[in-house]
Structure formats: C-alpha cells, structure tokens
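Written out below as structure tokens is the structure these notes cover.
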Amino acid sequence: MSGVGSARPLLACALTFSLLPAAYAHTPAHVPAHTSAKSAETTIYVTRAGDSLYDIAQRYLSDPADWAQLARLNHVSAPRRLKPGTALRVPVVLLRQDGLSARVIATSGAASHTFGGGAQLPLIVGANLVEGEHVQTGENGFATLELADGSHLVIPPRSALNLATLRQTALTGATDRVVNLQHGEVNTEVTHATKKDDRFQIRSPSVVAGVRGTSFRVNYDGDKGSTAVEVLEGAVGVDAAPQGQAASVAPAPGTPLAASTQLVAARHGSVTLAGGAPGAPVALLEAPDLRNPGKIQDDAVVAFDLQPVALAKGYRVQIGRDAGLLDMIRDLRTDAAHVDVGSLDDGTYFVRLSAIDANGLEGMPSTYAFQRRRVSLNATAGRVDGSRDYAFRWFVERSAGDTQFRFVLAASPDLRTPLVDRTDIKDGQAVVRDLPKGVYYWTVIAEQFDGGRYYQKASPVQSFRIDW
C-alpha cells in the first residue's frame, strides 16, 4: 500500500540514426550502416565462440527459420561455424518482441482491472499486469503502476486506461510502451530512455503525447473532447490523434520515431480539442505556498490554507503516504484557498498543492510533509452551587503516557494578561474562587510528550459573565 519514487531526468529527442546495443559496443568501425528504409533497419550482433546462425536465430528472431535471411544478408556460407568477433547485420524487423509487465505498487479505494472479456477484479499490490489490461479507478480510487525500468503511472480517481502495448525487442533491448487514456487522468514519471527506438506514449482520443524521460500529466475530458498535457520536467511531444484510430498496437521493430508537431517544454502545458491541432504551449501557474506548514493536524477534520496565487481559478489538493505521492489517498479540487480533506488516521502524510488556471491547466506542484495527531479536548465551566466559586473541567480524548494541563483565565479574549495561569495540572479540573463581577475568558491546554516529541492542544477560548 505504499511506494516511493522520484521524477526522472530530461527528455532526449528521438533521433533517426542507428544505435548499437551496449552489449556489442566493440563492433568494428568499418561495419556498414543500415539504410533508412524500415525493411532494411538493422542492428549489429558480434559473434562469440560456439555461435551458429541457427542458435542466433533461435535466441533473437520471431521465426527461427529466418536464419536463412541472416545467411544471405551477411554472405555466410557455413552457418554452423561462425568466426568469433564477426559483425553480423540483423534486420530489426525480424527480431522477436517479448511482453513486459506493469507491477501494482499501491492502491486505495475502488481500483480494478480486466483483461479481454474477463471479470473485473480488484487491483492487488504486487500483482503484475500485462499488455491489453484495462485499469480503472472509482470515485475515491487510486492506483500506481511501476514498469520494469522504474517508470510510474499514477492513476487518480474516476480514470480509465488500457495498457495497449508493453513490449521489448530482443537483442536491441528497445522498449515500446503505449497507454490509451480513455477518460480521466494519468500522472507519469518516465525513466530516461537509453535506446533510440524506445517509445513511451500516452494516447487519448484527441492527442498523442510521446516522451523519452520526463514527468508530466495527461487529462482527457470526455464531455469536452479535450486533452490537457502539463509538463513538470523534461519535454513532451504532442500530436493530434488520428480520427477513428483503433486501439494502438506496436509498430514494426526498428520503426524510426517521427518528430512531434508540438513540443511542450517543462513548466508549460497545452489543451487540444478532438479533431483540432495541438494547442499552443502556455506557462503553468506557479505552485501555491501552504500557510502555517508546521501545524500539527490535530482537529477532527484535516484542513489546509493556501496562499492565493494570481490568476488561479481553483486549486488541487492531494494527500499521499509518501513524498512522491505514489500511494495517494485523497484528491480534491476547490475554488477557495481553504480546503477540508476530511478525517485521517494518525501518522505522517504529504500534501501536494497546485493552482488551476482559466484554461483548466493544473500548475506546478508544491509538496509538504505534515503530521496527523487527532486530539479532542472538551472543556466546560459552571458556577459551584451555593458559592462564588467557578469550576472548570476538561477531558482529552487521546491516550498518552505523559499528559499535563495548563489553565489560563483572563479578562480579555487575547489572554495576554492572565488573572490565573496554572501549569502542571495532572487531573482534569480547576476551581477559581471569589471572582468579582465582570466578563472572563479562559482556555485549557493539553501538553503531551510522545515518542520524544512535545505536542500541545488548546481548547477554544470560552467566556462567561459574573453579575453578582
């Protein structure tokens, strides 16, 4: 139910020249380069002792019978006896593509998955999802998936996506990951690509967002037919989605990645309507600051006050159990700079804040740690029958090994000049005798030491009048 992650480095633009796999970096410099045609795209394999064309085809090709094509292309007359250190050209289109998986590392609330026409099953932490899986979250559901390279997909509430392509090409190691966002949102942290043919795309009905290492969000609004792309780090290539496009499938291995129509840089976003050209990039709003960030959240409801951001039309507040918010448990939007997020169990949490502009684009985030420590302090006061004394009583609804109380009584609501200021009270009451006429104000403060830390909780300032 928890996970920790960090955003990855910047994007590297897709290039169209060949790249030899790292395992075969010692290929001789005179090896001829492949042509630009897809059918002629090649990579290099350097033979080792004991290799044969049959073995190489069995290990790396989709059809082992294609060893004959390797023989013709490389003019090999003795396929069973290959000289070690020979550089063989291998058509990338012949290479086998192996399936990858996405591991569930965190869930909360209603989150499920289906495959094909199968039953809808709850997401379970530790489960591995494969190509073709459909993932969806409910009203208060969250899910985070981790890919083999450490990339993350964080799926907020009311979202649905399909893991359309999860594959890796044998020999080259190039990966192909395509996610079809059907509605809602996906927050993505993509590990920097190491192969020129690595592909990571988020597709909606209106855009194709392609990256090679960055942190970004994609939000598809089905009612408006619009897709918002917000880039936090790196850059994202944005293209209009072809109309009537079926579910994405992997391209032929080695297919060069074309340059995108629109490049959205870090700290910028764009909004694209279905059927329209990619929206022009606009600067994202700066992250809002949290007022009183050191406050212990000890009231019945956890609440935050944000410093208003110029041009903001609203705010988003997310709560998670880890600093990267991979294990998210709350996600709220508000028009005001004050937001209540409801009750939480005691513990340490993280809150992420962002401002929303007039375009509906969510701005840069700020993240704060906070401590939840629920303390309910009930206090009452009343005249002691038959006397001029006043009795004050209180009760703290929290078990703690070391709790003491401070009682303050004053003639002004700011309590700055106390008439009574008693400390180190061990029980839950205090009596004040012979008070003259007037209006009085009072509070009681519970002081606790727990786990080597000091905490205090004050009751609301109350008042009473004496007329006798």
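Take the residues in region 301-310 that are assigned to a loop (DSSP other than H, G, I, E, B) and either touching a strand residue (DSSP E or B) at 6+ places or on another chain (Cβ under 8 Å) or of a type in the set (Ser, Thr, Tyr) (or both); name whichever of them is farthest from residue 286 (Cα to Cα). That would be 301. Where strands (runs of 3 or more DSSP E) fall wholly inside region 335-404, the ranges with 3 or more residues that are at pLDDT 90 or above and under 25 Å from residue 293 (Cα atoms) are 338-342, 347-356, 366-372.
Scanning region 161-201 for residues that are acidic (Asp, Glu) and in contact with a Gly (Cβ under 7 Å, 6 or more places away or on another chain) gives 189, 197.
Among residues of region 284-312 being charged (D, E, K, R) and under 23 Å from the mean Cα position of the chain (by Cα), the one that is nearest to residue 365 (Cα to Cα) is 286.
Only residues that are assigned to a strand (DSSP E or B) and either at pLDDT below 95 or of a type outside the set (S, T, N, Q) (or both) were counted across region 145-163, and they come to 10. A single member of 334, 367, 380, 348 is in contact with a strand residue (DSSP E or B) (Cβ under 7 Å, 6 or more places away or on another chain), within 25 Å of residue 226 (Cα to Cα) and of a type outside the set (Lys, Arg), and it is 334. For region 145-175, filtered to residues that are touching a helix residue (DSSP H, G or I) at 6+ places or on another chain (Cβ under 8 Å) and of a type in the set (A, V, I, L, M), the residue that is surrounded by the fewest Cβ atoms within 10 Å (Cβ to Cβ) is 170. Being closer than 19 Å to residue 284 by Cβ, touching a strand residue (DSSP E or B) at 6+ places or on another chain (Cβ under 6 Å) and not assigned by TED's automatic domain parsing to the domain that holds residue 270 is a description that applies to residue 353. Hey, any hits in region 65-82 for a residue that's modelled with pLDDT of 95 or more, of a type in the set (Phe, Trp, Tyr) and either closer than 28 Å to residue 149 by Cα or assigned by TED's automatic domain parsing to the domain that holds residue 186 (or both)? No, region 65-82 contains no residue that is modelled with pLDDT of 95 or more, of a type in the set (Phe, Trp, Tyr) and either closer than 28 Å to residue 149 by Cα or assigned by TED's automatic domain parsing to the domain that holds residue 186 (or both). Applying a threshold of 8 Å to beta carbon distances and a minimum spacing of six or more residues, or different chains, the list of pairs starting in region 340-355 at a residue that is touching a residue at least 40 places away in the same chain (Cβ under 8 Å) and ending at one that is of a type in the set (Asp, Glu) and buried (at least 22 other Cβ atoms within 10 Å of the Cβ) reads 354/362; 355/362. Looking only at region 176-200, residues that are modelled with pLDDT under 90 and on the phi > 0 side of the Ramachandran plot come to 0 in all.
Being over 15 Å from residue 463 (Cα atoms) and surrounded by 12 or more Cβ atoms within 10 Å (Cβ to Cβ) is a property that residue 374 has. Across region 439-465, the qualifying residues are those that are under 18 Å from residue 428 (Cβ atoms) and among the charged types (D, E, K, R), and the one among them that is surrounded by the fewest Cβ atoms within 10 Å (Cβ to Cβ) is 447. If you go through region 111-144 and keep only what is closer than 25 Å to residue 176 by Cβ, loosely packed, with under 15 Cβ neighbours inside 10 Å and touching a residue at least 24 places away in the same chain (Cβ under 8 Å), you end up with 128, 130. Hey, does region 58-76 have a residue that's hydrophobic (A, V, I, L, M, F, W, C) and either assigned to a strand (DSSP E or B) or under 25 Å from residue 199 (Cα atoms) (or both)? Checking region 58-76: at least one residue is hydrophobic (A, V, I, L, M, F, W, C) and either assigned to a strand (DSSP E or B) or under 25 Å from residue 199 (Cα atoms) (or both).
For (1) closer than 25 Å to residue 346 by Cα; (2) among the hydroxyl-bearing types (Ser, Thr, Tyr), each residue gets a yes or a no:
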position	(1), (2)
373	yes, no
387	no, yes
393	no, no
437	no, no
446	yes, no
464	no, no
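Filtering region 175-222 to residues that are more than 14 Å from residue 147 (Cβ to Cβ) and among the acidic types (Asp, Glu) leaves 185, 197, 221.
The values are calculated or read from the model by the stated rules, or taken from the named source; none is laboratory data. The shown structure was predicted, so the numbers you read here are calculated from the model rather than taken from an experiment. All Cβ positions, glycine included, derive from the backbone under ideal geometry; neighbour counts span all protein chains shown.
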